[in-house]
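Let me begin by presenting the structure, written as structure tokens, before commenting on it.
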Amino acid sequence: MKKTSTTEDNLLLEIKEAILTGVLKPGEKINQDKVAEMFNVSRTPLRTVLTTLVNSGLVSYQSNKGFKVREFSIEEIKNAVIVRSELEGLACKLATKNISSKQISNLEHLLFIGDSILKDESFYEKKDDYKKMNIEFHTCLMDYAGNPILKETLDKIYSVPLISDRIILFNDRDILIRSHDDHHRIVRAIKNDDGTRAQNIMREHVLFAIEYMISHINESNYATFLQVSNNHF
């Protein structure tokens, strides 16, 4: 029974990632046989996971029509951006009050990793390393806030395409350098016990990054944009 649960948990993460990165496109009807083959699982755990994704809002279901990847309008994405920016800003403010010296050291280590990747001549070959660093940085700040409800709410917001911290524009190095400089300024504000400044920087950090992406797409092609932004270089 434990093995089944683990399989379903892993499958949930994999399918969610496939949706958020455009492998499974918005509006696409989910062929259970093909998806089961794609992830090397049977249809039983797949159906359980798809039902979970319906409850989380990433997948829709209709009798006699089956499962389909949910489509989000640009307006819905913009609304989610506003919520994410406010919640992540709040996470920074709360983290400033609760953070330990060890946690600050961990954030500084992530800053160092990001700096090293951005300075590397083979930067575009290390996009996965930068993505991993970026995800961990934002996740750490959520964890350090010490508010489980805040974290749960943010996790749900991340289900909206383009909102997740997994979506990064690797074809614009200058944008990433600017973004990582924000990371430095956030940590600096936290170290200076200036929670309000950390909150404001994070709020602008999220708004700028995602509004920049939205400016490059429209409602008819954001599925293609998801794939390009994750596979470029």
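Sequence-distant contacts, meaning Cα pairs under 8 Å at least 6 residues apart, place the relative contact order of segment 4-69 at 39 percent. Averaging the Cα positions of each part gives two centres, and for segment 112-139 and segment 86-101 these lie 23 Å apart. Projecting the Cα atoms of Ile99, Ser116, Ile77 onto the dipole axis of segment 73-127, where Lys and Arg carry +1 and Asp and Glu carry -1 at the beta carbon, places Ile99 farthest toward the positive end.
Output the 0 to 90 degree angle, nearest 10, between the alpha-carbon long axis of helix 222-231 and the longest principal axis computed from the alpha carbons of the chain. Taking Cα atoms only, the helix is inclined about 60 degrees.
Sorting Arg203, Arg178 by the number of Cβ atoms found within 10 Å of their own Cβ, with the fewest placed first, yields Arg178, Arg203.
Binning all Cα-Cα separations of segment 28-151 at 5 Å, short to long from zero, yields these whole-percent fractions: 2, 9, 12, 12, 12, 14, 15, 13, 7, 2, 1, 0. Count the net charge of all other residues whose Cβ sits under 15 Å from the Cβ of Lys34, scoring Lys and Arg as +1 and Asp and Glu as -1. My count for the surroundings of Lys34 gives +1. Going from the fewest other Cβ atoms within 10 Å to the most, the residues Thr7, Thr44, Thr96 appear in the order Thr44, Thr7, Thr96.
Each value in this text was obtained by applying a stated rule to the coordinates, not by laboratory testing. Nothing here was measured: the structure is a model prediction, and the numbers come from that model. Glycine gets a Cβ as well: all are built from the backbone with ideal geometry, and neighbour counts include every protein chain shown.
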